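Take a look at the structure set out below.
The values are calculated or read from the model by the stated rules, or taken from the named source; none is laboratory data. Model, not experiment: these values are computed from the prediction. Because the Cβ atoms are built from the backbone with ideal geometry, glycine has one as well, and the counts that use them run over all protein chains shown. In case anyone asks, the SASA skips ligands and DNA or RNA and just uses the protein heavy atoms, side chains included. Shrake-Rupley method; radii C 1.70, N 1.55, O 1.52, S 1.80 Å.
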Amino acid sequence: MSTVRDRVDKWIKPYAALWLTLIVGGTLVIALAMLGTEVYSDVVDEEGLASLDIPALEYFQSLRNPETDAFVTGFTNVGGGIGMPVLASLLTAWLTFLSRTWRPIILVGGAAAVSTTATAMGKRLVGRTRPDHTEAVPPYETSPSFPSGHTLNTTVVIGVLLYIMFLQFQMLWARITAITAGVVFIIAMGLSRVFLGHHWLTDVMAGWLLGLAWVGIVILAHRLFHLTRRREHAGPAPTFEHPVVRDVVAESLHHDGGHTERGRDNAG
């Protein structure tokens, strides 16, 4: 019975801390998305625009040309409903293979589920209208504008993947390269939405802020998971090769102890 209880404590408690933090944090992020409706009403005028929305749109309109429009459209599609799941799945599978743990799947999958929910709820509650089609680059989008789903989901997925890469790779140059590429990608994805006239700048800023807040909570949850395991003396997190690390160590110690006792008996 004690063995069963030990196994339950070893597997349930650390993961309970992880999932509890993710659930509570996810609820807070969704609540932030709902509170964003109040902030939105405070920063916009009667036409639903903040003071920086029109100047930002006009500036990016001045940079447009057929070649640039086509390039930015292709890039922004990477952060869309098809492109981002494909990219996230490939990178998550790669990191899962390298780390030999379920960590990438759990963290990226849980984080993406919450960011998608926050995006849907924010759009439904605010119902903000996108820039007029005459000011946008086709293909046009008709769903509500606030917050920018491309920006929010990209910030969350890439942010969590960067955290996992930071844990996986110890070389400084690899970490710097990954973080630089990820940050540039997140910023460029948000600005591409304004460039194409698919979102106002404040939609993108809200996506960045909500995304960063959620990434921070996911990282906190993961650190609490490891802290709980350490407190429970459960050793490192399970891997594919070593699913129950503590049992392996205990058996090894027991095996060595048995040899020692037999050695003492023989010596006596």
Probe 1.4 Å, all chains present, heavy atoms only: M205 accessible area in Å², nearest 10, is 80
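Which of the three applies to segment 91-206, rounded, prolate or oblate, going by the alpha-carbon gyration tensor with a ≥ b ≥ c and a/c under 1.5 meaning rounded?
prolate
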Kindly write out, for segment 126-131 in residue order, the coupling ³J(HN,Hα) from the Karplus curve 6.51 cos²θ - 1.76 cosθ + 1.60 (θ = phi - 60°), rounded to whole Hz, with x marking Gly and Pro. 7, x, 6, 7, 6, x
Could you go through segment 134-146 in sequence order and give the Karplus-derived ³J(HN,Hα) for each residue, using 6.51 cos²θ - 1.76 cosθ + 1.60 with θ = phi - 60°, rounded to whole Hz, and x for Gly and Pro? 5, 9, 10, 9, x, x, 7, 10, 10, 5, x, 9, 10
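About the Cα centre of segment 42-196, what is the dipole size in debye to 20, counting +1 per Lys and Arg Cβ and -1 per Asp and Glu Cβ, all else neutral?
Value, rounded to 20: 980 debye.
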